[in-house]
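Taken together, the values in this text are just the output of simple stated rules run on the coordinates, not laboratory data. Here the structure is a predicted model, which means the values were calculated and not measured. Ideal geometry is used to build each Cβ from the backbone, glycine not excepted, and the neighbour counts take in all protein chains shown.
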Amino acid sequence: MTDHQQRARRWRDRPPATRLMAALVSALAIGAGFGALTSPLLWWVAAVMLGAPLGAIGACVTLPGWTGLLARLAVPVGAAVQMIGLPPGRNERITTIGQAIVLTAAAASIGFVIVRFLRTDRSDGPYASGPSM
């Protein structure tokens, strides 16, 4: 096992509250960085408002079951919603190209996540032997 894999495993073994706090601090740092380029107050507020919920979602990605599935779907679904609600670009051609690329990548990611979820053996769960009668 490489050093990078060992560090990643140690990070995954930390309690969700620790990972949530790290995500919030990261979001604040990113918000401060973007704030230097544009409106500082806007990015700081966005980082505070979205950092904790997105950190909580990120902390749930490694969980098995439906909670982990929904957490893994947050980014591709969010990207698709953003392309529909707030399309990029200055003209119609750039908007269409940007939407096509992001929506295709989001659909592929969603498909990969769902197929992987359905193929994963969850035989260690509470209903592994089926419902008892």
Bins of 5 Å, starting at 0 and running to the largest distance - Cα pair percent for segment 61-122: 4, 19, 23, 19, 13, 10, 7, 4, 1, 0
Computed for segment 61-122: size of charge dipole around the Cα centre, +1 on C-beta of each Lys and Arg, -1 on C-beta of each Asp and Glu, debye to nearest 20, value 80 debye
Each label point is 7 Å from the Cα along the Cα-to-Cβ direction; what then is the distance between the points at ALA22 and ALA108, in nm? 2.9 nm
